[in-house]
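Novice: Dropping the structure in here first, questions after.
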Amino acid sequence: MDISDGASNNYEKLKKALKNLEDIRDRLIEVNKLTGSLARYEAMKEEIRKTGWSGICAKYHPDINVGEPAAHELFAMYRFVYDTMERDKRSL
């Protein structure tokens, strides 16, 4: 076995790994389409842009939204989206 055989073998392994990652990406895109996760995420981002963080807090914060059983979880999702938006702004 010479060096070129090893390089060729590594190349084939990398090619196969890349193909696997592309397949995973494609499946995740399909799952997002089926569940509407991406659409909900985008809708939350748009609401944050329109109303601002203080508007989101006034509408969804668990201390204000006491009648909603899932207020903590919903607010946590908004917080995650907001934090992601802020992180993305800083990385530009």
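Novice: Quick one: which of L38, L34, L14, L21 is touching a helix residue (DSSP H, G or I) at 6+ places or on another chain (Cβ under 6 Å) and either in a helix (DSSP H, G or I) or at pLDDT 95 or above (or both)?
Specialist: Only one candidate passes the filter, namely L38.
Novice: Can you confirm whether segment 49-60 contains a residue that is closer than 28 Å to M85 by Cα and either part of a loop (DSSP other than H, G, I, E, B) or not assigned by TED's automatic domain parsing to the domain that holds D88 (or both)?
Specialist: Within segment 49-60 (the criterion being closer than 28 Å to M85 by Cα and either part of a loop (DSSP other than H, G, I, E, B) or not assigned by TED's automatic domain parsing to the domain that holds D88 (or both)), the answer is no, since none of the residues qualifies.
Novice: Among the residues of segment 14-63, count how many are surrounded by fewer than 12 Cβ atoms within 10 Å (Cβ to Cβ) and in contact with a Leu (Cβ under 9 Å, 6 or more places away or on another chain).
Specialist: Residues flagged as surrounded by fewer than 12 Cβ atoms within 10 Å (Cβ to Cβ) and in contact with a Leu (Cβ under 9 Å, 6 or more places away or on another chain) within segment 14-63 amount to 1.
The values are calculated or read from the model by the stated rules, or taken from the named source; none is laboratory data. Predicted model, so just to flag it, every value in this text is computed and none were measured. Here Cβ is always computed from backbone atoms with ideal geometry, including for glycine, and neighbour counts include all displayed protein chains.
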